[in-house]
Amino acid sequence: MNLDHVFVCGNPALDFVATLRARRSTRFEMFVTPERLNAWYLESGLVDAVTPAEEADVREATAVREALYRLVTDRRLGARYDREALAVVNEAARETPVTPQLTDTGRCTEAIPAQALATVVRQAVELLGGPDVVLLKECDNPECTRVYVDRSRGMRRQWCGMESCGNKYKAAAYRARKKTASASGAG
């Protein structure tokens, strides 16, 4: 499976939650090493530099990610928040977030992994407690479990991203229709 981090969900916290891919089937973990966690923090644009993460940082990040997924799912389905997940997320949100600094070359955000995680969690708190929460949708690809913010006109977006899911799903559906048409035309 592709090891590139993908940012298609419309919110860094949702992209963070999506780092465990295909939750209902093959479950593919993106945070397999501290380096992969650091790479996500950097690629997300939330930090410009992060001190090297350790295994404990990966364990903390994945625990928080799973709590976030639970809360996002609860909210999307109109259910009450899971109390344990809420406690995990609120505790992480109380940590010190990334603080941007001004340098001679411009804005710079340097962080330790715990600050980067707190920043992600605060993004989730703002999303789940804000007006965009009603825009949360899960990708229509049955293999994908990404949740995204649907800001499309009429809220008609079906896929987390066309490149990651939409094109593949549409191409597979087209091939299936073509196969069905040729089979019925042959009989």
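With a requirement of 3 or more residues that are under 16 Å from the mean Cα position of the chain (by Cα), the helices (runs of 4 or more DSSP H) lying completely within segment 72-187 that satisfy it span 113-128. Scanning segment 97-106 for residues that are more than 20 Å from Ala39 (Cα to Cα) and open to solvent by 40 Å² or more (accessible area, probe 1.4 Å) yields a total of 5.
Annotation: of all residues in segment 11-29 being in a loop (DSSP other than H, G, I, E, B) and modelled with pLDDT of 95 or more, the one that is nearest to Tyr69 (Cα to Cα) is Ala18.
Residues that are hydrophobic (A, V, I, L, M, F, W, C) and open to solvent by 40 Å² or more (accessible area, probe 1.4 Å) occur at least once in segment 58-70. Of all the criteria given as (1) in contact with a Lys or Arg (Cβ under 7 Å, 6 or more places away or on another chain); (2) modelled with pLDDT of 95 or more, the one not satisfied by Arg59 is (1). In segment 119-157, the qualifying residues are those that are surrounded by fewer than 19 Cβ atoms within 10 Å (Cβ to Cβ) and touching a Gly at 6+ places or on another chain (Cβ under 7 Å), and the one that is nearest to Glu66 (Cα to Cα) is Val149.
Sort through Pro113, Pro100 and tell me the only one that's without any contact (Cβ under 8 Å) to a residue 24 or more places away in the chain and not acidic (Asp, Glu).
Working: Pro113 fails: without any contact (Cβ under 8 Å) to a residue 24 or more places away in the chain.
Answer to the selection: Pro100.
With respect to Leu42, determine if the residue is in a strand (DSSP E or B) and surrounded by fewer than 18 Cβ atoms within 10 Å (Cβ to Cβ).
Working: in a strand (DSSP E or B): no; surrounded by fewer than 18 Cβ atoms within 10 Å (Cβ to Cβ): yes.
For Leu42, the condition - in a strand (DSSP E or B) and surrounded by fewer than 18 Cβ atoms within 10 Å (Cβ to Cβ) - is not met.
Only one of the numbered conditions (1) part of a loop (DSSP other than H, G, I, E, B); (2) closer than 30 Å to Trp159 by Cα is not met by Ala53, and that is (2).
The values are calculated or read from the model by the stated rules, or taken from the named source; none is laboratory data. What you see is a predicted model, and the numbers here were worked out from it, not measured in a lab. Every residue, glycine among them, receives a Cβ derived from its backbone with ideal geometry; neighbour counts consider all protein chains shown. Areas reflect the complete protein model, heavy atoms only, side chains present, ligands, DNA and RNA absent. Shrake-Rupley method; radii C 1.70, N 1.55, O 1.52, S 1.80 Å.
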